[in-house]
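The values are calculated or read from the model by the stated rules, or taken from the named source; none is laboratory data. Since we're looking at a predicted model, the values are computed, not measured. Don't worry about glycine lacking a Cβ; one is built from the backbone with ideal geometry, like all the others, and counts go over all protein chains shown. With ligands, DNA and RNA removed, areas are computed over all heavy atoms of the protein, side chains included. Shrake-Rupley method; radii C 1.70, N 1.55, O 1.52, S 1.80 Å.
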Amino acid sequence: MGGHHDHHHHGHSHGDVNSGKTLGIAILLTLSFAIVEAIGGAHAGSLALMSDAGHMALDSMALSIAFLATQVAKRPPTNKLSYGLGRIEVLAASLSCSSMLIIAFFILYSAVHRLQLHHHEIHSTPVMIIAAIGLFINIMVAYVLMQGERTLNVRAALLHVFGDILGSIAALASGVVIYLTNWTPIDSILSIFIGLLIGFSSIQMLTQALHILMEGVPSQVSIQEINRKILSTPD
């Protein structure tokens, strides 16, 4: 499986500096806005906005794990760790995805609980303004991350950010619907949609990370094809 390790190790010199820097910018943007969104969501009474704020706060934690992993992965191989610490990035990605599953569960639980309440006042104007700013910031963070090296770790961080983009779109749509119709259940319904989407994407990425940690065959490699080529070679 040596080739498998090489496959996950290439381009470390400038790639790590690049992904480390991009993750640093992403952490700063995400954490700053999560605080703004939490305050705004509590004031407006919007679960969609507060879900997105909690999601963004945990995202900044996931991005921090990713950032630390990229720094640790730069360390050279030792006698005890002959492949170096590159695999720690995959470990960070699986931690990141596991935290996303927890977020998804809490969003679903809160949304279902709120749907059972008869009426909950939501101030639509601040919801729309904050969600629109959040959407812009999340698109900026995604753009910054896409400029860096696309390791599994950075892709897991991107998954968080895409979840945030969807969260901002849902909060914005919720604000618009409440503003036009005063139908508040839309806030919880869109939160359920976000929760399910985050859960599904996290399971997919977690499966991929665990496959690498279990030394699974890389997706683009066919063992049957390799065996056939080796056996068809004379002597």
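Residues in the range 21-32 include at least one that is open to solvent by less than 10 Å² (accessible area, probe 1.4 Å), assigned to a helix (DSSP H, G or I) and either over 21 Å from MET205 (Cβ atoms) or at pLDDT 85 or above (or both). Every condition in (1) open to solvent by 10 Å² or more (accessible area, probe 1.4 Å); (2) at pLDDT 85 or above holds for VAL141 except the one numbered (1).
List the number of the failed condition for ASP59; all other conditions in (1) in contact with a His (Cβ under 8 Å, 6 or more places away or on another chain); (2) more than 20 Å from ILE198 (Cβ to Cβ); (3) at pLDDT below 80; (4) not hydrophobic (A, V, I, L, M, F, W, C) hold. It fails just one condition, (2). Could you check the range 34-70 and list, in sequence order, the residues that are of a type in the set (Val, Ile, Thr) and open to solvent by 20 Å² or more (accessible area, probe 1.4 Å)? Answer for the range 34-70, where residues must be of a type in the set (Val, Ile, Thr) and open to solvent by 20 Å² or more (accessible area, probe 1.4 Å): ILE35, VAL36, ILE39, ILE65. Based on this model, can you work out whether ARG155 counts as open to solvent by 20 Å² or more (accessible area, probe 1.4 Å) and without any contact (Cβ under 8 Å) to a residue 12 or more places away in the chain? For ARG155, the condition - open to solvent by 20 Å² or more (accessible area, probe 1.4 Å) and without any contact (Cβ under 8 Å) to a residue 12 or more places away in the chain - is not met. Considering the range 106-122, the residues that are farther than 10 Å from THR184 by Cα and in contact with a Gly (Cβ under 8 Å, 6 or more places away or on another chain) include one that is surrounded by the most Cβ atoms within 10 Å (Cβ to Cβ), namely ILE107. Taking the stated definitions as given, is LEU117 touching a residue at least 24 places away in the same chain (Cβ under 8 Å) and not polar (S, T, N, Q)? So LEU117 does not fit the description; no.
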